[in-house]
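*Asks:* Input: one structure, supplied below.
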Amino acid sequence: MIPVSLLQLEPARLILLVQYKFSAFTKKPKTQEAAEGSSVLFEAETEKPDAKVKWQCNSKEISSGDKFAITANGNKHSLAITDITKEDASVYAVIAGGSKVKFELKVVEPEKSPAPPAAAPAGDETAAPGQDAPPAEGELLSSSFYTVSHSFGGNITFVARVNAESLLKKPTIKWFKGKWMDLASKSGKHLQLKEVYDRSTKVYMFEMQIIAAKPNFAGAYRCEVSSRDKFDSCNFELSVHEANAAEGFDIRAAFRRTAVQVSTEPDLDVWGILCQAPASEYEKIAFQHGITDLRGMLKRLKKMKKEQKKSEAFLKKLDPAYQVAKGHKIKLAVEVANPDVEVKWLKNGQDIHPTGRYIFESVGNMRYLTINHCSLADDAAYCCVVGEEKCTTELFVKEPPVTIVKNLEDQMVMNGERVELECEVSEEGANVKWEKDGVELTRDESFKYRFKKDGCKHILIINEATKEDCGHYKVKTNGGESMAELLVQEKELEVYQSIADLTVKAKDQAVFKCEVSDENVRGTWYKNGVQVKPDARINITHIGRNHKLTIDEVKPEDEGDYTFVPDGYAFNLSAKLNFLEVKIDYVPRQDPPKIHLDCMGRTSDSTIVVVAGNKLRLDVPITGDPAPTVVRSSDMCLVRKVHVDTTKGHCVFTIEGAERQDEGIYSVVVRNPAGEDTADINVKVVDVPDPPQVPRILSVGEDSCVVQWDPPLFDGGQPIIGYVLERKKVKSYRWMRLNFDPYLETTYEAKRMIEGVQYEMRVYAVNSIGMSRHSPASQPFVPVAPTSEPIGLCVDDISDTSISLKWRPPERIGSAELEGYGVEYCKEGSKSDEWIPAMQGLTDRTSLIVRGLTTGDKLQFRVRAFNMAGPSAPTALAQPVTIREIMQRPKIWLPRSLRQTLIRKVGDTVNLMIPFQGKPRPKVTWSKDGEPLKPTFASVRNSDLDTILFIRKTDRMHSGKYDLQVQIENVEDTACVNLQIVDLPGPPEALKIMDVWGFNVALEWKPPKDNGNCEITGYSVQKADKKTMEWFTVFEQYRRTNCIASDLIMGNEYVFRVFAINQVGLSDEACNTKDSAYIQKTGIAYKPPSYKDHDFSEAPKFTHPLVNRSVIAGYNATLSCSVRGIPKPKVTWYKNKMDITNEAKYRMLSKQGILTLEIRKPCTFDGGVYTCKAVNDSGEDTVECKLEPQ
């Protein structure tokens, strides 16, 4: 087996490696013979024990049942067929992965084939470990399908390498395009075939080089390699696309140069030159035109000379090849010489029968085959057969391009998250290519990129995204592409609740608690910079997103600064623990109440800041004897969320879910019999800011835009520290963040956008509390860049007060629609900014006439293209232009159609427009036959650039020669037009019956006097029976002025008439015979014809001879030939002129004229000359060949 692999080494070179090695099978099933009613077992072994194996019969998959038994044990697989019948004789195959092995089951009569199966026993494979077992006959490897894309005009090389270490004979290779087109016959200027043999490595290298690739070179190709009974092939496809123009390269100018070259130096028909040249010049012509395969050239020339023989059955044959898109219909047409002949259509050698998809049509000499709803199964060779002749063609069915139905979406993920980029294409199973920043992605060893197919959906999976994965990802098909941007953001840990300062008394419990966004984040607690270790009093817990430090029975030494540091993040949360030691001396007298705000480090002027939505809890120590009670102010009673509770020695002030309206000064009054005390608590509620105003797009670029916005109306009580921007595509739902750190300004330039795609922008405001809600989205906008400058600005015409300019569109217009062109001019020597618009607004055309200029001024002109991004760079004339009319010689541009006689019918309208040139405006004069034209005879209208001759209704008198003269001062130019007005002819004259005999009448007449001003092209002769007077045509378009009317009916009396015909039509009147002709009745004796029997006998003749063969000893060999003859000849086989008919070692087969001699396991003694002799009554014929066992 010959597995094939393709490696693309560089853009202009493709290497096709073909090497002999084992496939997925280590043991392959062999072709076997079995008698009817018996059983047979086919065995195979695969390299991998988990390989999936399928069995096929005639390309159809088979499964276990009553007839077939399929078993699998590790890497051993078997197929058992029981109760064999003749219907089981067929071609079977076993498939594993990309390898396919074919084998045959031959069924023989029980009494005629007692011999064992032809396949060697399993032990033969291990008896010669140094040799590869030969593959089964006809075995073919199904290779993967590859597509090669190359630019127009470039060179591409395909190389096949064959390892010949185990080969006994040099391998042969064939290159095909499509299914049957052999490229060896096409070698020449654009295709060259080479071969090289490396003796050190024993590798053959076969090379096919395509030079200056053209679009029609695209298509499916096949490489076939064979050596004796080993064979394999590889299919690949070549697509030729237009090369990308380099910056500053005028692609239109390139096209113009190509067009000029084609018109001045057309492609030479090398084969036509070779056919006409003598044989001694072949080598010289081949060298001049780059033909290297001289042997292939001679074969093709020989074939072309054979094809020059004119076909007797076909007037027009099929084209060499046709192409049709999948799902469309195509019509194949041939023209045959005999309109009554029957044709037969073949597809790959098989008859085609008319169905709903195949329609046969016969119209005159044309024969049509229509194929409706073409599918890939219709990609085949078609043949039209007429008798012994046939013409063939090849039909290529082109699949429609795969388009992208659902585009990729931009994504922004956190570091370490899984990414899935998904798109949807138009067809299932289509091949797509993934790229990142222009580099193709493949499955690497770490499986970082995974490619998944789910029907029409294609998914690119990145398991753990990192910063290196940021970029633009693109998916490509042969019909489109889609691009999206991936942004990977480092995870930011958000603090939902920070730890707060605590003031506790001795023996109380202190609890520090915080909440972060990631529940998997751990952290460490520190006291005054020293890590806190848990013990009997100190407990550290982590539940979900909450982290808690609990200190029981607080002591004075617990006072200090406590800090929580999340692992892996460069920030911390800090709070202070204040120890309150209250010493109260017992005094028998009463003490007035006292609110100790100063114990908490606060004074009456202190402000307590709370974040909106959080809970404010203030534990204030109070003293007094007896214990004082707390009295809330009336304002606090109105607020349900405000609670004031009293415990022993403490007053607890609480606000549940603080809001912006809760901000203000709260008064707390404590009272006992000894007096009262009052404290004011100033509460400030801070929040995230309001969203910014709607952003405005100030300008756009090719891949960027400048956006501006106004600050929010309310900053949340804290200063704005920056803004965060997001953008998205209009048709997408995913917003992409543009900056991760707050941006301080209110104007931002967003980059890395795709030109031509609509986007929207929105903004967040950020203060120390957090991020606001997003602003309303901006108006949709499209990043575009100005077009390139117009090209080819030149002066088309100039007069004393005007100038006509023309130019070509810019090379690069971009995704935005071109709005128009602006033309400006300035005087020579003026300042650069003194450009004057030549018109108001813009023009859509690529030409303009600037009027109202001053004669003699030297002006400079320039043109700019405008789109929604603004004006392009200007294109100016090479030098200033002087406004002054230039004299131009008169010249008549007579149209090609008027250079011959112009023929019109009487009553038609004649409208001749003849352009001319000349400055100043020339004088135009018309005349007919030397006389000036009168206005009543014809109308003439003249302009600066042309003249029109108009005749509303023509008559015979308008025929003649018309002369046109264009004159400027003493310089003139002339032209003439010949006009011929034609009419119907008059009737013929003097129609006479010259003779009557049998069933025939001889007629004669004279041409008409009036031929209608044109040649008489023929006559129409008609007859009528005097009984009915119904006229019937005897001759149509008859050229002579006499004829014989035949096949008249006995006993009838006939009259005749004749019409004259010219290019206008039949004459209005006919010329009738004055007399009539009577057909006499006569007796007729019928004499039957005699026929001679045809002799169908034919002497024997071998149509396909025997071929010399070299075979491998120990393996069955066959010799085949074909013979024809009537009656069926008797066949006898000889070895070295000895009759071997009764030899048991040989088996003779004959089927439909094909003769086969099978030699069972030949040895060296079976070599020699084998002869086949065919004899019948008409003669005899023999063929022979030489057999060499090795």
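*Asks:* Determine the order of Ile721, Ile538, Ile655 by accessible area, beginning with the largest, at a probe radius of 1.4 Å.
*Replies:* Final ranking, largest accessible area leading: Ile721, Ile538, Ile655.
*Asks:* I'd like the FRET efficiency for Gln1152 and Arg1039, computed as 1/(1 + (r/R0)^6) with the beta carbon distance as r and R0 of 51 Å, rounded to 0.05.
*Replies:* Details: r = 55 Å, r/R0 = 1.07.
Calculated transfer efficiency: 0.40.
*Asks:* Keeping all protein chains in the complex and leaving out DNA, RNA and ligands, what accessible area do you get for Tyr473 with a 1.4 Å probe, in Å² to the nearest 10?
*Replies:* The accessible area comes out at roughly 0 Å².
*Asks:* I'd like to check one number: the per residue accessible area of the chain, probe 1.4 Å, reported in Å² as a whole number. Don't skip to the end; give the middle numbers.
*Replies:* Details: 68720 Å² over 1190 residues.
Computed with neighbouring chains in place, this is 58 Å² per residue.
*Asks:* Apply the a/c threshold of 1.5 to the C-alpha gyration tensor of region 1061-1138 and tell me whether it is rounded, prolate or oblate.
*Replies:* Working: a/c = 10.06, a/b = 2.61, b/c = 3.86.
Verdict is oblate for region 1061-1138.
*Asks:* Of the options Gln708, Val630, Leu616, report the single residue whose Cα projects farthest towards the positive end of the charge dipole of region 610-712 (beta-carbon charges: Lys, Arg +1; Asp, Glu -1).
*Replies:* Val630
*Asks:* Helix 251-264 versus the longest principal axis of the chain: what is the Cα-based angle in degrees, 0 to 90, to the nearest 10?
*Replies:* Computed tilt is about 10 degrees.
*Asks:* Going through region 642-712, which trypsin sites (Lys or Arg not before Pro) have at most 12 other Cβ atoms within 10 Å and a DSSP loop state?
*Replies:* Numbers: sites: Lys648, Arg660, Arg671, Lys684, Arg696; in loops: Lys648.
Sites meeting the loop and neighbour criteria: Lys648.
*Asks:* Something else about it: Run the numbers for Thr854 and Ser1110: contour at 0.36 nm per residue of separation, minus the present Cα-Cα distance, in nm. Don't skip to the end; give the middle numbers.
*Replies:* Details: separation 256, 0.36 × 256 = 92.16 nm, distance 9.61 nm.
Extending this stretch completely gives an extra 82.6 nm.
*Asks:* Separate question: Could you size up the charge dipole of region 352-501 around its Cα centre, putting +1 on the beta carbon of Lys and Arg and -1 on that of Asp and Glu, and report it in debye to the nearest 20?
*Replies:* Details: 18 positive and 30 negative charges, 145 e Å.
Taking the Cα centre of region 352-501 as origin, the dipole is about 700 debye.
*Asks:* Once you charge only the Cβ atoms, +1 for Lys and Arg and -1 for Asp and Glu, what is the size of the charge dipole of region 809-893 about its Cα centre, to the nearest 20 debye? Don't jump to the answer; show the numbers that get you there.
*Replies:* On the way: 11 positive and 10 negative charges, 86 e Å.
The dipole of region 809-893 has a size of about 420 debye.
*Asks:* While we're on this one: So which of Lys189/Lys326; Lys174/Lys329; Lys436/Lys729; Lys452/Lys751; Lys390/Lys1101 end up more than 25 Å apart by C-alpha?
*Replies:* Lys189/Lys326; Lys174/Lys329; Lys452/Lys751
*Asks:* Long-range amide H contacts for Val532: which residues qualify at under 5 Å (H placed 1.01 Å from N, peptide plane, sequence gap of 5 or more or a different chain)?
*Replies:* Sorted by chain and number, the residues that satisfy this are Trp525, Tyr526, Lys527.
*Asks:* Quote to one decimal, in nm, the extra length available between Ser239 and Asn942 on full extension: 0.36 nm per residue of separation minus the C-alpha distance between them. It would help to have the intermediate numbers written out before the result.
*Replies:* Values: separation 703, 0.36 × 703 = 253.08 nm, distance 5.48 nm.
Working it through step by step, the gained length comes to 247.6 nm.
*Asks:* Let me ask something else about it. So if I take the centroid of the Cα atoms in region 346-369 and the same for region 165-225, what is the distance between those two points in Å?
*Replies:* Cα centroid of region 346-369 versus Cα centroid of region 165-225: 35 Å apart.
*Asks:* Which FRET efficiency value, to the nearest 0.05, is calculated for Gln1080 and Thr1028 with the Förster distance at 35 angstrom and r the Cβ-Cβ distance? Intermediate results must be reported in sequence, preceding the final value.
*Replies:* On the way: r = 20 Å, r/R0 = 0.57.
So, using R0 = 35 Å, E works out to roughly 0.95.
*Asks:* How far is it, in nm, from the label point at Gln693 to the one at Gln350 when both lie 7 Å from their Cα along the line to the Cβ?
*Replies:* Here the modelled spin labels are 7.7 nm apart.
*Asks:* Which value in deg cm²/dmol, rounded to the nearest 500, describes the helix-derived mean residue ellipticity at 222 nm for the chain, given -39,500 (n - 2.57) per DSSP H run of n ≥ 4 and division by the residue count?
*Replies:* -1000 deg cm²/dmol, from helical runs alone.
*Asks:* To the nearest 10 square angstrom, what accessible area does Glu789 show with a 1.4 Å probe?
*Replies:* 80 Å²
*Asks:* Shape of region 960-1077 from its Cα gyration tensor (a ≥ b ≥ c, root eigenvalues): rounded if a/c is under 1.5, otherwise prolate when a/b > b/c, or oblate?
*Replies:* On the way: a/c = 4.55, a/b = 4.11, b/c = 1.11.
Prolate is the answer for region 960-1077, as a/c is 1.5 or above and a/b outweighs b/c.
*Asks:* I would also like to ask the following. Using 0.36 nm per residue, how much length does the chain from Ser311 to Asp66 gain when fully extended, once their Cα-Cα distance is taken away? Mind showing how you got there, number by number?
*Replies:* Working: separation 245, 0.36 × 245 = 88.20 nm, distance 5.60 nm.
Working it through step by step, the gained length comes to 82.6 nm.
*Asks:* Once each part is reduced to its C-alpha centroid, what is the distance from region 1070-1123 to region 506-531 in angstrom?
*Replies:* Their Cα centres are 110 Å away from one another.
*Asks:* Give the aspartates and glutamates reachable from Lys891 as a straight Cα distance under 12 Å; neighbours fewer than 8 places away on the same chain don't count.
*Replies:* Partners within reach: Asp946, Glu972, Asp973.
*Asks:* Setting aside same-chain residues fewer than 8 positions from Lys648, which lysines have a Cα under 30 Å from its Cα?
*Replies:* Qualifying lysines at Cα under 30 Å: Lys505, Lys507, Lys513, Lys527, Lys548, Lys555, Lys576, Lys583, Lys594, Lys615, Lys684.
*Asks:* If I take the Cα coordinates of the chain and project them onto the principal axes, what are the three extents in Å, biggest first?
*Replies:* 174, 109, 71
*Asks:* Here is a follow-up. Which order do you get for Leu298, Leu744, Leu105 if you rank them by accessible area with a 1.4 Å probe, largest at the top?
*Replies:* Descending accessible area places them as Leu744, Leu298, Leu105.
*Asks:* On to the next question. Scan around Asp946 for amide H atoms under 5 Å from its own, H built in the peptide plane at 1.01 Å from N, and keep only partners 5 or more places away or cross-chain.
*Replies:* Correct list: Phe916.
*Asks:* Using a simple spin-label model with points 7 Å from Cα along the Cα→Cβ vector, what separation in nm is obtained for Lys48 and Val385?
*Replies:* Those two pseudo-labels are separated by 4.6 nm.
*Asks:* Here's something else I'd like to know. Quote the accessible area belonging to Met1050 in square angstrom, nearest 10, computed with a 1.4 Å probe and with ligands, DNA and RNA left uncounted.
*Replies:* 70 Å²
*Asks:* In nm, to one decimal, how far is the modelled label at Asp437 from the one at Val363, with both set 7 Å along Cα→Cβ?
*Replies:* Going from the Asp437 label point to the Val363 one covers 6.2 nm.
*Asks:* Right, here's the next one. Which one of Trp893, Ser872, Val162 has its Cα pushed farthest toward the positive end of the charge dipole of the chain, where Lys and Arg give +1 and Asp and Glu give -1 at the Cβ?
*Replies:* Selected residue: Trp893.
*Asks:* Sort region 846-970 into rounded, prolate or oblate with this rule: let a ≥ b ≥ c be the square roots of the eigenvalues of the Cα gyration tensor; rounded if a/c is under 1.5, and if a/c is not under 1.5, prolate when a/b is larger than b/c, oblate otherwise. Walk me through the intermediate numbers first.
*Replies:* Values: a/c = 3.58, a/b = 2.17, b/c = 1.65.
Cα axes put region 846-970 in the prolate bin.
*Asks:* Output ³J(HN,Hα) for region 475-486: one whole-Hz value per residue in order, computed from phi by the Karplus curve 6.51 cos²θ - 1.76 cosθ + 1.60 with θ = phi - 60°, and x for Gly and Pro.
*Replies:* 10, 10, 10, 6, x, x, 8, 9, 10, 9, 10, 10
*Asks:* Let me ask something additional. Specify the inter-centroid distance of region 728-773 and region 1013-1040, based on alpha-carbon positions, in whole Å.
*Replies:* 90 Å
*Asks:* What do you get for trypsin sites (Lys or Arg not before Pro) in region 933-1038 restricted to DSSP loop and a cutoff of at most 15 other Cβ within 10 Å of the site's Cβ? Before the final figure, lay out each step's value.
*Replies:* Working: sites: Arg941, Arg952, Lys953, Arg956, Lys961, Lys992, Lys1009, Lys1023, Lys1026, Lys1027; in loops: Arg952, Lys953, Lys1009, Lys1026, Lys1027.
Within region 933-1038, the qualifying trypsin sites (Lys or Arg not before Pro) (loop, at most 15 other Cβ atoms within 10 Å) are Arg952, Lys953, Lys1009, Lys1026, Lys1027.
*Asks:* Nearest 20 debye, what's the magnitude of the dipole of the chain about its Cα centre given +1 on Lys and Arg Cβ and -1 on Asp and Glu Cβ?
*Replies:* With Lys and Arg at +1 and Asp and Glu at -1, about 4700 debye.
*Asks:* On to the next question. Between Asp182 and Gln900, how high is the FRET efficiency from 1/(1 + (r/R0)^6) when r is the Cβ-Cβ distance and R₀ = 35 Å? Nearest 0.05.
*Replies:* Values: r = 48 Å, r/R0 = 1.37.
Plugging the Cβ-Cβ distance into 1/(1 + (r/R0)^6) gives 0.15.
*Asks:* Please determine, in degrees from 0 to 90 and to the nearest 10, the orientation of helix 294-307 with respect to the longest principal axis defined by the Cα atoms of the chain, where the helix direction is its Cα long axis.
*Replies:* Orientation of helix 294-307: about 50 degrees from the principal axis.
*Asks:* Where in region 934-1012 are there GluC sites (Glu not before Pro) that are in a DSSP coil and have at most 10 other Cβ atoms within 10 angstrom of their Cβ?
*Replies:* On the way: sites: Glu969, Glu972, Glu989, Glu1004; in loops: Glu969.
Qualifying residues, ordered by number: Glu969.
*Asks:* For region 717-801, give the percent of accessible area contributed by carbon and sulfur heavy atoms, probe 1.4 Å, rounded to a whole number.
*Replies:* Details: 2010 of 4020 Å².
For region 717-801, the apolar C and S fraction of the accessible surface comes to 50 percent.
*Asks:* Compare the Cα positions of Gly272, Thr550, Ala674 along the charge dipole of the chain (+1 at Cβ of Lys, Arg; -1 at Cβ of Asp, Glu; about the Cα centre) and return the one farthest towards the positive end.
*Replies:* Farthest towards the positive end: Gly272.
The values are calculated or read from the model by the stated rules, or taken from the named source; none is laboratory data. Source: prediction; values computed, not measured. Counting neighbours? That spans all protein chains shown, and the Cβs are built from the backbone with ideal geometry, glycine included. For accessibility, only protein heavy atoms count, side chains too; no ligands or nucleic acids. Shrake-Rupley method; radii C 1.70, N 1.55, O 1.52, S 1.80 Å.
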